[in-house]
Structures are given as C-alpha cells and as structure tokens.
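The values are calculated or read from the model by the stated rules, or taken from the named source; none is laboratory data. This is a predicted model, so every value here is computed, not measured. For neighbour counting, all protein chains shown are included, and Cβ atoms are generated from backbone atoms with ideal geometry for every residue, glycine included.
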Amino acid sequence: MREILNRYIPERAVSPIFKMIKDNNVHLKIVNERKTRHGDYRRMPNGTQQITVNANLNEYRFLITLVHEIAHLQAFEKFGRQIKPHGREWKYTFKELMLPFIRPDIFPSVLLPVIARHFKNPTASSDTDAKLSVALKTFDPENDKNYIFEIPVGGIFRIYNGKTFKKGERKIKRYECLEVDTGKVYLFQPNAEVELLKN
C-alpha cells in the first residue's frame, strides 16, 4: 500500500495517510476518472469501509480527496449515521484530519494560504471553492479546456457529455447559461472546465 500511495500523494504524506488507512480499516480503490466526483466513501454490506479516489487527480487534490473521504468514515463512526454527509460534524472532522498536512513540506507554498482559507469552513467539494479549484488546477497536466469565467458572455462552449451552451451573465456566484438545443437555463460554477467552441 505504501508503494501505491507514493505514486499518488506527496512523499511526506505517505506514512500518516498509510496509518489512517490502516487504523480505520479502509479498503482503498483507485479508479478511472469519474466526471461527477473525485472520490467517495461507502460502508459495504459486509461491514468493510471502502474509499474510492480517481486515479487522474494531481497529488495535492488526491490527498485532499482521500482525507475528505476518511473524514466521512470517522464522522459517521463518531457522531452516528444520521448526521448530514457534509454537515458540521464532517466539517469539524475534516479540518482536524487535514491540519497536520497543511505545511510546506507537503503542499507548495503557493497553495498553503488558499488551502488554509478553505479549511476555515470546508465545502462539500474542493470544486465548489473556485479559488482552491483553480489553484489546484495549476498542478494538473496541460489541457485544452477553459474555465467558464474565462469565456466571454455570449460565447458557445461544450461540456464533457457533448451538450453545448451559450454563456450568460453572472448571478451572484454562478453563471446562467442557455443550453443551445433545448433553450433551458443552467447554472455553472465559475471554475467549471469546458471546451470553448466560439467567442
């Protein structure tokens, strides 16, 4: 397991993460990319604890995702299964588990203030914190995608499932975008990754 973790998370995080996995009796599965989630936690019918994490994540996002899922397990164990999945018990547990990792020998100095700010009140997904998502993205391999916030109003873009949209105005935190084929309006996070078709 240590050798596998070495391929996916920063070197200085391997030993403490290995201990977390062992102490919580976690079966860790590293899976192909899923567009809708970076990872998940399930208590299996036989009582085992299973965590899956996408293999395509950069080492910093992988670490945050893995700790996020372990926090689900620990929060349910400590506070009971009736708690909200991303409620205050989970937030508290996630912060406690992440704190020892927020240091310069694990995360690059450019990420530390953004991560520290995020963990004052962690969100259900690192993607819903646009600043953290964009900061983490700088450590991904280059691709031809754009963020919604980079596309001009009126620009046409395509999402992962092939649907095309016309970008509209920003409404509070998200952008109203018109699906070209149906005329339906959808809200997009500013840091959603899309393919620009035309300005």
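Looking at region 51-95 only, could you name the residues that are in a helix (DSSP H, G or I) and of a type in the set (Ser, Thr, Tyr)?
If the condition is that a residue be in a helix (DSSP H, G or I) and of a type in the set (Ser, Thr, Tyr), then TYR60, THR65, TYR92, THR93 are the ones that fit.
Only one residue in LYS173, LYS137, LYS163, LYS120 is among the charged types (D, E, K, R) and in contact with an Asp or Glu (Cβ under 7 Å, 6 or more places away or on another chain), so which one is that?
Exactly one residue qualifies, and that residue is LYS163.
Any chance you could count how many residues in region 161-194 are assigned to a loop (DSSP other than H, G, I, E, B) and not charged (D, E, K, R)?
10
Any idea how many residues of region 164-199 are surrounded by 15 or more Cβ atoms within 10 Å (Cβ to Cβ) and of a type in the set (Gly, Ala, Ser)?
Number satisfying all stated conditions: 2.
Among the residues that make up region 138-145, is at least one of them in contact with a Leu (Cβ under 7 Å, 6 or more places away or on another chain), surrounded by 15 or more Cβ atoms within 10 Å (Cβ to Cβ), under 17 Å from ASN191 (Cα atoms) and not hydrophobic (A, V, I, L, M, F, W, C)?
no
Out of the residues in region 136-175 meeting the condition of being touching a Phe, Trp or Tyr at 6+ places or on another chain (Cβ under 9 Å) and of a type in the set (A, V, I, L, M), tell me which one is nearest to THR36 (Cα to Cα).
Taking the candidates together, the pick is ILE159.
So ILE64 clears everything in (1) buried (at least 18 other Cβ atoms within 10 Å of the Cβ); (2) more than 21 Å from ASN121 (Cα to Cα); (3) among the aliphatic types (A, V, I, L, M) except one condition, right? Which one?
Answer for ILE64: the failing condition is (2).
So, in region 71-123, of the ones that are hydroxyl-bearing (Ser, Thr, Tyr) and surrounded by 11 or more Cβ atoms within 10 Å (Cβ to Cβ), which residue ends up nearest to the chain's Cα centre (by Cα)? Steps first, answer last, please.
Taking region 71-123 first, the residues hydroxyl-bearing (Ser, Thr, Tyr) are 92-93, 109, 123.
So of that shortlist, the ones also surrounded by 11 or more Cβ atoms within 10 Å (Cβ to Cβ) come out as 92-93, 123.
Details: TYR92: 18, THR93: 17, THR123: 9 Å.
Within region 71-123, the match that is nearest to the chain's Cα centre (by Cα) is THR123.
Being on the phi < 0 side of the Ramachandran plot, free of Cβ contacts under 8 Å to residues at least 12 places away in the same chain, assigned to a helix (DSSP H, G or I) and in the same structural domain as ALA124 (by TED's automatic domain parsing) is the requirement here; does ASN46 meet it?
No, not satisfied.
Restricting the search to region 1-43, which residues are among the aromatic types (Phe, Trp, Tyr) and either over 22 Å from PHE107 (Cα atoms) or assigned to a loop (DSSP other than H, G, I, E, B) (or both)?
Once the filter is applied, which keeps residues that are among the aromatic types (Phe, Trp, Tyr) and either over 22 Å from PHE107 (Cα atoms) or assigned to a loop (DSSP other than H, G, I, E, B) (or both), region 1-43 yields only TYR41.
Has region 150-163 got at least one residue that is out of contact with any Gly (no Cβ under 9 Å at 6 or more places or on another chain), crowded, with 17+ Cβ neighbours inside 10 Å, in contact (Cβ under 8 Å) with a residue 60 or more places away in the chain and closer than 25 Å to ASP40 by Cβ?
No, region 150-163 contains no residue that is out of contact with any Gly (no Cβ under 9 Å at 6 or more places or on another chain), crowded, with 17+ Cβ neighbours inside 10 Å, in contact (Cβ under 8 Å) with a residue 60 or more places away in the chain and closer than 25 Å to ASP40 by Cβ.
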